[in-house]
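Everything on this sheet refers to the single structure shown next.
All of the numbers you see were taken from the coordinates with simple rules; none came from a lab. These numbers were taken from a predicted model, which means no experiment stands behind them. In this analysis, Cβ positions are derived from the backbone assuming ideal geometry, glycine residues included, and neighbour counts consider all displayed protein chains.
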Amino acid sequence: MNDIDDRMPDQVILDDPTGEAVGLAHWLATRANTPDNATETAAPTAPAHRRWRAAVGGTCAVALAAAVTATAHHSPHTAPSGHAASPVIVAQTPAVSAVSLVSGDSAGCPRSSGEADLLAAVSRAVPLQARGGAQAVALFEAAYFRARDGGRARQVVAASAAIRDAAGIQAGIDSLPADTTYCVHIDALAAGLYAVEIHESSPGEPETVWRQQISTNDGDGHTMITAITPL
């Protein structure tokens, strides 16, 4: 395994240039906002994966309300069954601005540096953790679109967050064609709050753009997503 920033060999580390996490991150069980490319005329029944995202809209709204009225309580990640390895911790590299991060596998996606480390972290069979809100969002998206693993995606979401569980996230993943690609733009709005724009491309369909605000919180040495709301 490659060491990142000379840290312990069982961690993937990207240093946060600001020294603190500004939150706004994940994504998923939240893709309930209306795509930019929607038309004013009546359309045929939406594809299954879009109907699934619409169904989680209420969950996203509840998540936002919960974030305003109470502080999320984080539960520590548990290692996969039969595997007691140390968690993978991913944080922002000095080369990546704390204000903006771009990640994805779509053609032409202007990915930020550190993309290879991000993908490596998602691919490893150890608990996934983020150090910084933008990285938490990027990890969620990579687990969703690249690894296509709802369990991995849920590892960067607080246990108390009003966001689908691993099985629910996996249902959304399974509704997408296997060769769906994405490009996510993550911009910090304030400490613990991010504006997220996801460009999703599925075969035979026009690109769909999903916009969200994602909240994150730091605890126990890592950052987790606490709420997602569609815009």
Query - Net dipole in debye of segment 160-209 [+1 Lys, Arg Cβ; -1 Asp, Glu Cβ; about Cα centre; nearest 20] - result: 200
Requested in this report: Name the residues whose placed amide hydrogens come within less than 5 Å of the amide hydrogen of residue 223, ignoring near sequence neighbours (fewer than 5 apart) on the same chain.
Outcome: 130, 131, 132
Query - Approximate spin-label separation residue 197-residue 123, in nm, with each point projected 7 Å along Cα-to-Cβ - result: 3.0
**Report entry** Hz values of 3J(HN,Hα) by residue in segment 210-224 - Karplus curve (6.51, -1.76, 1.60), Gly and Pro given as x
**Finding:** 10, 10, 9, 10, 10, 9, 9, 8, 9, x, 6, x, 8, 10, 10
Query - Neighbourhood charge, 13 Å Cβ-Cβ cut-off, centred on residue 111 and excluding it, Lys, Arg +1 and Asp, Glu -1 - result: -3
Report task. Please report the relative contact order for segment 114-231, taking Cα pairs under 8 Å with a sequence separation of at least 6, and give it as a percent rounded to a whole number. Result -> 25
